[in-house]
Structure formats: C-alpha cells, structure tokens
Amino acid sequence: MILVLKREITEEQKNHIRSILRSEGYLIREMSEHGQPLIGAIGKAGQDLDFFQQLPGVERVIPISSSFKLASRKMRHEDTLVNVGDVVIGGERIVVIAGPCAVESREQALTIAREVRKYGAVLFRGGAFKPRTSPYSFQGLGEEGLKILAEIREELGLGIVTEITSPAQADMMMKYVDVVQVGARNMQNFELLKCVGRMGKPVLLKRGLAATIEEWLMSAEYILSEGNDHVVLCERGIRTFEPYTRNTLDLSAIPVIKNLTHLPVIIDPSHATGIREKVSPMARAAIAAGADGLMIEVHHDPDRALSDGPQSLYPKQFGQLMRDIYVIAPVIGKQLDFGYLDKAKAVELMSAARGDGDRRAAFLGELGTFSHKACTQYFGAKVKAVPTPSFTRIFEAVKSGEVDFGVVPLENSLTGSIHENYDLLLEYDLRIIGEITIRIMHHLIACPGGKIETIQRVFSHPQVFQQCRQFLEQHQGWELVSAKDTATAVKQIKEGGLPTDAAIASKEAAEIHGMAVIQEGIETNPRNYTRFVVIAAEQLENGPRRRSSLIYSTGNRPGALFETLKIFAGKDINLVKLESRPIHGKPWEYMFYVDIEADIESPAFKPVLDELKKNTDYLRVLGCY
Ligand code: PEP
Ligand code: MN
C-alpha cells in the first residue's frame with residue numbers, strides 16, 4: 001500500500017508511522033511526488049487500510065493490488081530515469097545501445113565501437129560470457145573480453161553493457177562495466193536477480209523466452225526489493241508457434257509496460273527477429289510505439305561473426321536506421337541526439353574551466369512552454385533551464401555571461417520565420433552552437449475532472465488560436481482570452497479554478513501544473529514543427545559540426561546572389577535554407593541568411609569560405625553545429 005502523507009506532517013508523526021510499519025514487518029520506501037511525501041509499505045496481504053488511514057499525518061491510503069509493488073506505477077507515478085554516466089534512459093532522448101553479440105577480439109570490438117559511436121549510439125554492448133544453446137558454441141572471452149570493453153569506454157567514452165550469467169562474476173563486473181544485463185534465459189534465475197540487485201549497478205533485464213509481462217515485472221521486483229531502482233526492461237521477442245522469425249516481437253508490451261510500471265523499456269529487435277532485414281523495420285516501429293530506446297547488434301563482418309551474424313546489421317545499415325529514428329522521434333515528442341555524448345563532455349569541460357557549478361540556458365516564457373521543452377530536450381537535465389521574459393533578454397543574458405546558452409525559435413513549418421530572432425542574430429555577436437526541432441502539439445487543458453461540455457472561456461497565445469482554428473470553429477460560443485504564452489495560460493486557469501475555463505498548451509504544461517488534458521492534438525495541421533537554435537558566446541569544444549549558418553550581403557548588381565550560390569553548388573554543398581531580410585536604414589538592400597550542410601570553418605572548406613568572402617560585401621559565420 002501507499003500512504004499519502006499530509007504536506008504539513010511533522011517529523012514526530014512520521015516517526016510514529018515508521019515505527020508502526022517496522023514493528024509489523026513492512027518493507028518501507030519513502031518518496032515524494034510534486035512535493036507530496038509518500039511512504040510505500042510492502043508487507044502481508046489483507047492489510048487493515050482503515051487503521052493506517054486513521055493515523056495522524058496520513059491523508060489517504062492507496063492499496064496496490066498487483067503482485068509487483070515497487071515496480072508498480074501506483075508506487076511511483078513519475079517515470080524512473082536510469083543514469084549511466086552522461087546517458088539517461090527513460091527521458092525524452094532516445095537511447096541506442098549497439099555492438100556485436102559477443103566480444104571476439106580487441107580489434108573486432110574496437111572497430112565496431114568506433115562505427116556505432118560515429119552513427120550516434122551512446123552505449124556499447126558486447127557479450128564476454130555468452131549463454132549459448134550448445135555447449136560447443138563460442139562461450140565468450142570471459143574476463144579478457146571485459147578488459148576490452150573497459151578499454152573501449154576509456155577510448156570512446158561509451159558506457160558498457162554486458163551480460164552476467166552467474167553471481168560468481170559479480171566482482172569482475174563491478175570492476176569493468178556500467179550496465180549488467182540479465183539475459184532472457186536467466187530472467188527467473190532468482191539468485192542472479194538478487195545478486196544484481198545488491199550490486200547496485202544499472203540492470204538491463206531481458207524478458208524471458210516464454211515469460212508473461214507479469215512474470216517479467218516480478219523479476220524486476222526482485223532487483224528493486226534489494227534496493228536497486230536502476231532497472232531497464234528489455235523486450236527481445238518471445239516464443240510463439242511462428243517459425244518465420246527467430247522469436248515474435250511483442251510490441252504491444254511497450255504500452256502495457258508503460259501503463260503498469262514506471263521503469264523504462266527498450267526493444268531488442270535483433271534477437272526478436274533473428275534476421276538482418278527485419279531489424280530496422282521493427283526498430284522503427286518500437287520507437288513509434290513509445291520505447292525508450294533500442295539495443296541493436298552490429299558487426300562489421302557478420303559472415304565471420306562467432307555468434308548471431310545473420311541478425312547483425314552492417315555499420316552503414318545501422319547508420320541509416322539512426323537517421324530514420326532521428327526523423328521519427330520528434331513525431332512522438334522525443335529526440336535522437338547525434339551529439340549526445342560530445343555535448344555532455346563539452347558542457348562538463350565548460351564547467352570545469354569555469355569552476356562555478358551548473359551551466360544555465362535561457363528560454364522564452366514559463367516552465368512548460370515549447371521553448372522549455374526544446375531546452376530540456378537539447379541539453380538533458382544537466383543544464384538548468386532559466387525562464388526569460390523576452391528574446392532580447394535572452395540574447396543580452398548570453399552576451400553578459402549571466403547564462404551560458406540561449407534557446408530561441410527560428411522558424412515554424414506552418415507560419416515561417418521568427419524574424420525578430422534573425423535580426424537579433426545579426427545584432428549580437430554570438431554563435432549558433434546547435435539546433436533542435438520540436439513537434440508542436442496543442443491540447444485542451446482544464447482543471448482535473450473538467451469536461452469539455454462546461455467550457456466557456458479558453459486561454460492561450462493568439463498564434464495558438466490560429467493554429468487550432470478548425471477545432472475552435474466547432475465551439476463558436478467560446479470566448480478566447482489571450483495569454484503571454486501557453487504555460488502562463490495553464491497557470492491562469494489553475495489559479496481561477498473554474499470548471500468553465502480551459503487553456504491550450506502542451507502536455508508538459510498540464511503535467512507541471514497538475515492539470516488535465518481533456519482533448520488531445522487539437523492543432524489543425526498535425527505537421528506543425530518549430531526549429532530552435534541554441535546560441536552561446538563561443539562554439540562548444542568538440543561539439544557536433546554538421547551544418548553551418550551564415551549571413552551575408554552582396555553588391556547590388558545582376559547575378560550577385562547567384563555567384564555566391566554557385567560556389568556551394570560547385571563544391572556539392574547542400575543548401576538547406578535561404579532567406580532574405582531588409583538591412584535596417586538601407587531601403588531595398590538585403591541580408592541573406594543561409595544554412596548549408598557542411599562545416600564551413602573546417603580546413604576542407606576553407607577555399608569555399610575564401611571564395612565567398614571575395615563575392616560578398618559583408619559575411620559572418622553564425623555558427624557550425
Ligand atoms: C544477447 O543480448 O546477446 C543475448 C544473448 O540476448 P537474449 O538473452 O535476449 O537471448
Ligand atoms: Mn546475440
């Protein structure tokens with residue numbers, strides 16, 4: 001059961017509750033959710049809930065009827081985030097674990113690790129102890145394999161995931177690896193589960209070959225009950241009567257799991273299908289279905305792999321899959337971040353150099369706006385998001401060093417450029433160090449228990465009313481009240497507390513303010529995306545450099561712009577954006593904003609930059625990112 005405690009509970013009352021629970025033999029977990037203190041108490045069946053309800057300081061008691069308790073969503077409403085170094089599993093950035101089935105040699109593992117790192121994997125997998133069906137098959141390199149994995153972490157900064165097959169390996173694993181994997185064949189090896197629970201390291205728990213979801217969650221419960229909350233579930237296919245694939249991938253397990261438990265879930269389409277061509281389609285489907293990540297087997301020479309060659313992707317195929325996931329992720333409100341590890345390192349270096357604690361990033365408006373979402377998806381939780389009242393204030397704050405970064409929208413797929421920010425980019429001597437695209441989904445939000453039938457007034461930003469026109473036209477009687485931003489609109493209806501008020505904003509804004517979404521996805525055009533850029537005083541060290549943004553002006557003569565574009569064409573550089581803006585004080589003269597797919601400041605493109613300088617009156621590189 002869960003005891004929801006009163007916010008004003010005294011320490012003395014808490015002690016009283018604790019001592020009663022302990023004397024009755026309960027296992028106790030203390031938590032808090034949105035500042036509300038909770039005690040999870042696991043003990044015998046048939047508890048006297050009324051008795052606990054009467055205790056001073058207890059607001060209410062929630063029974064947990066499922067057989068798994070600590071793993072239950074009832075016990076913890078918020079998603080669990082599992083941290084592995086700089087990587088967070090379970091958040092809005094998709095985590096891809098890749099590598100060979102088994103570590104075969106130093107050379108093989110390093111070659112594959114370099115490839116998967118290049119394409120955006122953030123953790124490396126490779127078995128050193130292989131649980132093979134046949135005792136005559138390759139059993140893994142043992143400790144030597146673990147040493148190779150540790151070397152890969154040192155050299156490439158990739159966290160290591162490897163399988164533990166016996167409690168006897170625990171000390172060795174503690175020394176070399178970041179995540180211990182419990183394989184499908186060991187899902188119900190209870191001594192091993194208790195052992196990994198005690199180890200305290202993050203655990204990747206695969207679903208057994210013939211296990212139900214409930215049995216799988218009971219195995220997670222074993223690990224959690226040892227005090228280890230860092231559990232990631234991994235669906236890898238189950239045995240059915242269907243022989244065309246090695247196993248049958250149970251994708252419906254994803255939404256089921258998301259409902260039942262707070263633990264993250266990832267998908268392993270390699271073991272699920274056993275066939276190379278089937279891996280990418282199922283991986284894409286898994287992300288669309290809401291998985292927190294993927295585990296993919298990759299081999300540079302699969303025909304000679306010592307295990308699972310037929311299901312291993314070639315590195316290039318893995319790269320293509322990553323590009324697909326990059327496109328799919330924003331559709332479901334997430335990101336695949338190609339710069340994940342480099343960015344984390346660069347931010348860490350920045351903090352070390354400055355020696356003054358957390359880095360900060362300014363965004364427009366309140367917590368829960370789309371700008372806030374862009375900010376947290378770009379940086380993760382390691383950079384503090386700072387609400388800021390205007391775009392000019394964001395540029396000022398970055399310039400003065402009050403914050404390290406700014407996150408500003410540049411263009412929307414439906415409404416076009418945000419010109420104010422283009423002008424500010426020209427005015428301030430700052431750099432673009434990154435970009436992120438967010439899907440804009442609008443929801444109708446009301447107080448908990450609210451119903452669409454009672455709504456009379458709707459609060460939001462005027463632009464949002466525009467974007468939801470079709471929906472609003474169906475409710476002609478509603479009064480539209482304009483707010484500073486979407487999150488402020490939610491705050492306003494919360495403060496009013498009226499059943500007649502609603503707001504239009506993001507799901508996150510509803511969650512932050514404890515409000516309810518009463519109608520999802522009410523924007524007229526679902527292909528509504530906003531591209532944000534991240535600005536800073538200086539380029540990030542080792543940051544990604546795939547694109548460049550430039551501003552330039554040309555002389556007022558025939559073909560002047562054409563001459564500059566010819567330079568890109570001649571070097572096969574893809575132009576992804578071209579826009580002109582009037583130059584202040586010079587009527588009918590224009591500045592061109594150009595984005596290209598190349599690092600124009602790299603030595604390889606120096607001739608391009610030189611040529612461009614010769615053909616322009618003014619030229620500035622806004623950033624390479
Ligand atoms: C593996 O990940 O290499 C493995 C053996 O997987 P499973 O336990 O899912 O068969
Ligand atoms: Mn394998």
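The values are calculated or read from the model by the stated rules, or taken from the named source; none is laboratory data. Source: prediction; values computed, not measured. Here Cβ is always computed from backbone atoms with ideal geometry, including for glycine, and neighbour counts include all displayed protein chains. Only protein heavy atoms, including side chains, enter the accessible area calculation; ligands, DNA and RNA are left aside. Shrake-Rupley method; radii C 1.70, N 1.55, O 1.52, S 1.80 Å.
Assorted remarks:
- Qualifying positions in the stretch 2-35 - touching a residue at least 24 places away in the same chain (Cβ under 8 Å) and either open to solvent by 60 Å² or more (accessible area, probe 1.4 Å) or touching a Pro at 6+ places or on another chain (Cβ under 6 Å) (or both): 5, 6, 7, 10, 13, 16, 27, 34
- Residue 143 satisfies every condition listed in (1) touching a strand residue (DSSP E or B) at 6+ places or on another chain (Cβ under 8 Å); (2) open to solvent by 50 Å² or more (accessible area, probe 1.4 Å) except (1).
- Test for residue 325: is it assigned to a helix (DSSP H, G or I) and open to solvent by less than 10 Å² (accessible area, probe 1.4 Å): yes
- Cβ-Cβ under 8 Å pairs, at least 6 apart or on other chains, the stretch 425-445 side of a type in the set (Asp, Glu), far side outside any strand (DSSP E or B): 427/395; 429/399; 435/547; 435/625
- Matching residues in the stretch 205-251 - criterion: being without any contact (Cβ under 8 Å) to a residue 12 or more places away in the chain and either in contact with a helix residue (DSSP H, G or I) (Cβ under 8 Å, 6 or more places away or on another chain) or open to solvent by less than 30 Å² (accessible area, probe 1.4 Å) (or both): none
- Verdict on residue 413 being surrounded by fewer than 21 Cβ atoms within 10 Å (Cβ to Cβ), in contact (Cβ under 8 Å) with a residue 40 or more places away in the chain and farther than 22 Å from residue 510 by Cβ: yes
- Restricted to the stretch 173-203, and to residues there that are in a helix (DSSP H, G or I) and within 16 Å of ligand 2 (Cβ to nearest atom), the residue that is most open to solvent (accessible area, probe 1.4 Å) is 185.
- For the residues 493, 512, 438, 445, the requirement of being closer than 20 Å to residue 365 by Cβ and in contact with a Ser or Thr (Cβ under 6 Å, 6 or more places away or on another chain) singles out 438.
- Flag if residue 105 is at pLDDT below 95 and either surrounded by fewer than 21 Cβ atoms within 10 Å (Cβ to Cβ) or in contact with a helix residue (DSSP H, G or I) (Cβ under 8 Å, 6 or more places away or on another chain) (or both): no
- Looking only at the stretch 122-160, residues that are more than 16 Å from ligand 2 (Cβ to nearest atom), under 28 Å from the mean Cα position of the chain (by Cα) and part of a loop (DSSP other than H, G, I, E, B) come to 3 in all.
- Every residue from the stretch 161-172 that is open to solvent by less than 20 Å² (accessible area, probe 1.4 Å), within 13 Å of ligand 1 (Cβ to nearest atom) and not in a strand (DSSP E or B): 164
For (1) modelled with pLDDT of 95 or more; (2) crowded, with 23+ Cβ neighbours inside 10 Å; (3) within 16 Å of ligand 1 (Cβ to nearest atom), each residue gets a yes or a no:
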residue: 81; (1), (2), (3): yes, no, no
residue: 94; (1), (2), (3): yes, yes, no
residue: 111; (1), (2), (3): yes, no, no
residue: 124; (1), (2), (3): yes, yes, yes
residue: 131; (1), (2), (3): no, no, yes
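- Restricting the stretch 96-109 to residues that are of a type in the set (D, E, K, R) and more than 15 Å from ligand 1 (Cβ to nearest atom), the residue that is farthest from residue 159 (Cα to Cα) is 107.
- Residue 306 vs. criteria touching a residue at least 24 places away in the same chain (Cβ under 8 Å) and in contact with a helix residue (DSSP H, G or I) (Cβ under 8 Å, 6 or more places away or on another chain): no
- Test for residue 272: is it at pLDDT 95 or above, out of contact with any Gly (no Cβ under 8 Å at 6 or more places or on another chain) and not acidic (Asp, Glu): no
- Among the candidates 556, 542, 525, residue that is among the polar types (S, T, N, Q), closer than 30 Å to residue 401 by Cα and part of a loop (DSSP other than H, G, I, E, B): 542
- Count - residues of the stretch 252-272 that are within 16 Å of ligand 1 (Cβ to nearest atom) and open to solvent by 10 Å² or more (accessible area, probe 1.4 Å): 1
- The one condition from (1) more than 16 Å from ligand 1 (Cβ to nearest atom); (2) over 19 Å from residue 373 (Cα atoms); (3) open to solvent by less than 10 Å² (accessible area, probe 1.4 Å) that residue 87 does not meet is (2).
- Within the span defined as the stretch 249-262, every residue fails to be at pLDDT 95 or above, within 16 Å of ligand 2 (Cβ to nearest atom) and in a helix (DSSP H, G or I).
- Scanning the stretch 484-514 for residues that are of a type in the set (A, V, I, L, M), surrounded by 23 or more Cβ atoms within 10 Å (Cβ to Cβ) and either touching a residue at least 60 places away in the same chain (Cβ under 8 Å) or under 24 Å from residue 35 (Cβ atoms) (or both) yields 487, 489, 490, 493, 503, 504, 505, 509, 510.
- When the residues of the stretch 281-308 are filtered to those that are over 12 Å from residue 99 (Cα atoms), in a helix (DSSP H, G or I) and open to solvent by less than 20 Å² (accessible area, probe 1.4 Å), the one that is farthest from ligand 2 (Cβ to nearest atom) is 287.
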